[in-house]
Amino acid sequence: MTTTLSPRTGPDAPAPGRRPRNRPRPPRRPATPLSPRRSIPLTAVTGLVLVYTLLPLAWLFINATKSQKGLLDSFGLWFSDDFQLWENISRTLTYDDGVFTRWLLNTLLYVVAGAGGATVLAVLGGYALAKFDFPGRRAVFAVVIGAVAVPGTALAVPTFLMFSELGLTNTPWAVILPSLVSPFGLYLMWVFAREAVPDELLEAARIDGSGELRTFFRVALPLLMPGTVTVLLFSMVATWNNYFLPLIMIKDPDWYPLTLGLDSWSAQAQTAGGEAVFDLILTGSLLTILPLIAVFLLLQRYWQSGLAAGSVKE
């Protein structure tokens, strides 16, 4: 009977399952975008940013569950004994003859007409500037870049004077028409269309006899959908949170957006004999941000792909 021994036996033999001491370790795989290397400082910074982002939302939700008395008697970052979230929501929707619902409908009108129209114009203009060659194209590019650099507050007073001469102040058009102009959206669609829609694909469609409108709707528009959703999200958030433009344009409370309406509730506590409704203000603010959160969650995949498109060139 013959017994076969391992090459290494005795006390220096490696234990089963262990790597021999003299065997070199395999090289560490390089970090890639799909498998990044862990970084403790980066993780800590990301955690701080996450806390900085979520802490105001948590504070808003917690305090929206309190009554007017509970807001003053309890700690701001914890619930009070009187949980009244559903009562606060009901009172917010019915307070002052349900004016909050009217402000919500006004905001939806401004978003659908203003942000939706701005998105349509940005898509059409960006596609035309990216795929058609015409005289004055460089001048248009310079105007768009210059318009992006001008803050909206600098144009508020001239816009008010112009709309006042036209008799459009204190009407929904005073908010909708300025919202249709989005230089940043136009520039973003210009850059996106230049990279996302191949010229060869358009030429092939034209050779097959497709007209320009049909080529745009059947060929280019599906490729532009990620960028379109991205511009729509930016325009919608800007219009939804717009405060300064409605402040100088609208005086009738029936046409207030949510931003001005909640501000008027806050201001009435500072007037003589005014009722303090801070619990309703916090509940209304919570209801105001819920549609934005829902839209971002539903369209997140389009938004992410829209921002990343064009970053890699073949």
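Quick notes on this structure:
- Where N is the number of residues in the stretch 99-228, Cα Rg divided by 2.2 N^0.38 Å: 1.27
- Each principal axis of the Cα cloud of the stretch 27-183 was evaluated for its coordinate range; sorted largest first, these ranges are 70, 69, 24 Å.
- For residue 243, the accessible surface of its heavy atoms amounts to roughly 80 Å² (probe 1.4 Å, protein chains only, rounded to the nearest 10).
- Heavy-atom accessible area ranking, 1.4 Å probe, most first, across 162, 236: 162, 236
- Partner aspartates and glutamates for residue 69 [C-alpha distance under 18 Å; skip if fewer than 8 residues away on the same chain]: 81, 82, 87, 275, 279
The values are calculated or read from the model by the stated rules, or taken from the named source; none is laboratory data. This one's a predicted model, so the numbers in the text were calculated from it and none came from an experiment. Remember, those area values only see protein heavy atoms, side chains included, never the ligands or the DNA or RNA. Shrake-Rupley method; radii C 1.70, N 1.55, O 1.52, S 1.80 Å.
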